[in-house]
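See below for the structure under consideration.
The values are calculated or read from the model by the stated rules, or taken from the named source; none is laboratory data. Remember, it's a predicted structure, so these values are computed and weren't measured experimentally. Glycine gets a Cβ as well: all are built from the backbone with ideal geometry, and neighbour counts include every protein chain shown.
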Amino acid sequence: MSSATVGPVELGFVEEAPAWRLRSEQFPSKVGGRPAWLSQAGLPGPADLACGACGHPLAFLLQLYAPVSGRTDAFHRAVFLFCCREPPCCAGLRVFRNQLPRKNDFYSYEPPSENPPPESEPFCLQLKSGTHLCKVCGCLGPKTCSRCHQAHYCSKEHQTLDWKLGHKQACAPSDILDDKIPDHSFLFPEFEIVIETEDEYPPEVLEKEVASELIGSMDEALEEELDSLAKHESKEDKIFQKFKTLIALEPEQILRYGRGIAPIWISGENIPEEKDIPNCPCGAKRIFEFQAVSLEMQQLHCH
């Protein structure tokens, strides 16, 4: 078991990319669309991807290609983040990890080509292993349409959604379904995540920026109240202002990545203490790895 490694903070930004770059064999980091599963085995099932609060299927939000240096069993490693987007819940959140050694049954030993394939193949909802994926969300699809027996779904809810949005017209027991897979409104828009290393700023610079932000936010306050507000500035104010200041340095960032780095909290409420973070089922301590800042979500998981 490797120890936590603290390095520079890496920032993620979204960019448009051709569809072929977001397929599994390219080991992508991406937001939205359907998950580009790293392995074809051990995928989370419908029960794993049900919101713990409302029970609706969780939606794929993003995945990060994050191999672990020095770990032969994690030469290829991806982290998948799912969230609930069912209003008014929107509370469910779940992270899955998938990893493979360099020599495996799914991918070439050599790095993938940087050139586009001769023909752009459509997204496939049947893995080489024969496993079927849900036509709506791209997760495991153990259910099938009772009429055509060709369309697969993770849940009755997604089967109903697909039926209303076009499968009703396309479905026929004896016909071959169109290879084109529609992008349902259940999916988030799909983009590639590109990574850049964050510039380092001395603590005094950040403190100055935080102070400026606080003063700027009180321009309309009465002058005689400023001193009083500064003296009674709460811990909560400082935490939120620090978050705003750090994000404002690169306002288009959507995530912050670094194994063992410290998160930047948006609020002083519910900050866990070390004793509150359960160990991984393998017994190892969990470390902080990435933070989806644009969505105000933070993730902790086992290394």
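Observations on the structure shown:
- Options Asp183, Asp178, Asp219; residue that is over 22 Å from the mean Cα position of the chain (by Cα), in a loop (DSSP other than H, G, I, E, B) and either within 30 Å of Leu43 (Cα to Cα) or at pLDDT 80 or above (or both): Asp178
- Of all residues in segment 26-49, those being over 15 Å from the mean Cα position of the chain (by Cα) and without any contact (Cβ under 8 Å) to a residue 60 or more places away in the chain number 3.
- Filter pass, Val68 being under 10 Å from the mean Cα position of the chain (by Cα), among the aliphatic types (A, V, I, L, M) and under 18 Å from Phe290 (Cβ atoms): no
- Residue-level check: of (1) within 26 Å of Ala66 (Cα to Cα); (2) at pLDDT below 90; (3) out of contact with any Pro (no Cβ under 6 Å at 6 or more places or on another chain); (4) polar (S, T, N, Q), Gln298 misses just (3).
- Pick from segment 71-112, criterion among the acidic types (Asp, Glu) and under 23 Å from the mean Cα position of the chain (by Cα), ranking: modelled with the lowest pLDDT: Glu86
- Check on Gln99, farther than 28 Å from His149 by Cα, in contact with a helix residue (DSSP H, G or I) (Cβ under 6 Å, 6 or more places away or on another chain) and either outside any loop (DSSP other than H, G, I, E, B) or of a type in the set (A, V, I, L, M, F, W, C) (or both): yes
- Candidate set: segment 106-139, residues that are charged (D, E, K, R) and surrounded by fewer than 10 Cβ atoms within 10 Å (Cβ to Cβ); chosen: the one farthest from Asp73 (Cα to Cα): Glu119
- Only a single criterion out of (1) farther than 30 Å from Ser29 by Cβ; (2) at pLDDT 90 or above; (3) in a loop (DSSP other than H, G, I, E, B) is not satisfied by Gln159, namely (3).
- Cross-chain or 6+ apart pairs with Cβ under 7 Å, segment 55-77 first and in contact (Cβ under 8 Å) with a residue 40 or more places away in the chain, then charged (D, E, K, R) and assigned to a strand (DSSP E or B): Leu62/Lys30; Ala66/Arg77; Val68/Arg77
- So Ser39, is it exposed (fewer than 13 other Cβ atoms within 10 Å of the Cβ), among the polar types (S, T, N, Q) and part of a loop (DSSP other than H, G, I, E, B): no
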